[in-house]
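The values are calculated or read from the model by the stated rules, or taken from the named source; none is laboratory data. Fair warning: this is a prediction, and the values are worked out from it, not measured in the lab. Here the Cβ positions follow ideal geometry from the backbone for every residue, glycine too, while neighbour counts run over all protein chains shown. Only protein heavy atoms, including side chains, enter the accessible area calculation; ligands, DNA and RNA are left aside. Shrake-Rupley method; radii C 1.70, N 1.55, O 1.52, S 1.80 Å.
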Amino acid sequence: MNLQTKRLQLRPIEAKDLNDYFEFYQLDSVCQYLPNEPWRPENKTENFESNLSSTNLENGSKLLLSVIYQEKAIGVVFIMPDEMIDNFEIGYVFNPTFSKQGFAFEAVSATVDYLFKIIKAHRVFANLDTRNLASMKLCEKLGMRQEAHYIEDYWLKGEWTDSYIYGILNREW
């Protein structure tokens, strides 16, 4: 799966993306709402390589797409088939150096568009920490609606956290 937008290329993760990923996954601010701790030099290769097999959506496996801008991986978009037929969860992580430029919206919008138009998904949803305002705003800008607010449903880094589910149907896209 390869997608091209006006400024970005989205393609499956490749070994050459390692150092670009490390640039943002080492930041506490990036990993704040993620289940993983920030990467360190001694574990970056192991953390990265655990994702290298996530290059297609076949057999219910997740797909990681590197978001490439000017030959640099500035983010990643995750697509995970849900247990319900034709439902897909999306997730995303971006290098904050490239924030406030519309890259996340451009990349995630192209991904959702592909899921609805090519894969013929019925529903696309995102599960996010309620404290992650940037992610919430992105979902709303995409036209997704808040479908659920789960209270203390996720144990994250030593505390119970709340989650929002945002979703959109194919017919709404």
In the stretch 114-153, residue surrounded by the most Cβ atoms within 10 Å (Cβ to Cβ) [restricted to those that are aliphatic (A, V, I, L, M) and under 21 Å from Leu8 (Cα atoms)]: Leu115
Filtered residue count, the stretch 86-108, keeping only those that are among the aromatic types (Phe, Trp, Tyr) and outside any helix (DSSP H, G or I): 3
Failed item in (1) open to solvent by 40 Å² or more (accessible area, probe 1.4 Å); (2) among the polar types (S, T, N, Q); (3) part of a helix (DSSP H, G or I), with Thr111 passing the rest: (1)
Qualifying residue in the stretch 105-113 (condition: among the acidic types (Asp, Glu) and under 19 Å from Met1 (Cβ atoms)): yes
